[in-house]
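Everything on this sheet refers to the single structure shown next.
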Amino acid sequence: MMILNYESKKELKTKIGEELNYTETTFFEPEYKSTGTFAGCNRPHMTGYKREFFAEVTMKDDKIVKVK
């Protein structure tokens, strides 16, 4: 699952309309889609942020459109 480099899901939602700050975690095909939907999370032990969260992110033309 892709790591979302945000402190909280609330912060991620404020970034709608901007590019996604993320870290790929797979050695196989990329999880990131410039247009489409995928799941991501914040892992505090890897990012240093305090809160763990999971989110479904919808992208269109490399911009965040929706966070669920």
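The values are calculated or read from the model by the stated rules, or taken from the named source; none is laboratory data. Note that the structure is a prediction, hence the values are computed from the model and not measured. Note that we place each Cβ from the backbone using ideal geometry, even for glycine, and neighbour counts take in every protein chain shown.
List of remarks:
- Answer residue from the stretch 35-68, given it is among the aromatic types (F, W, Y) and surrounded by 13 or more Cβ atoms within 10 Å (Cβ to Cβ) and is farthest from the chain's Cα centre (by Cα) among those: Y49
- Scope the stretch 1-33; condition in contact (Cβ under 8 Å) with a residue 24 or more places away in the chain and touching an Asp or Glu at 6+ places or on another chain (Cβ under 9 Å); matching residues: M1, M2, I3, E19, L20, T25, E31, Y32
- Residues that are charged (D, E, K, R) and modelled with pLDDT under 95 were ranked within the stretch 12-34; the one that is surrounded by the most Cβ atoms within 10 Å (Cβ to Cβ) is E31.
- Residue in the stretch 5-17 that is part of a strand (DSSP E or B) and not hydroxyl-bearing (S, T, Y) present: no
- Filtered residues of the stretch 34-49 (kept if over 12 Å from M1 (Cβ atoms) and either among the hydrophobic types (A, V, I, L, M, F, W, C) or without any contact (Cβ under 8 Å) to a residue 12 or more places away in the chain (or both)): P44, H45, G48
- Residues located in the stretch 18-68, provided they are in a loop (DSSP other than H, G, I, E, B) and basic (K, R): K33, R43, K50, R51, K68
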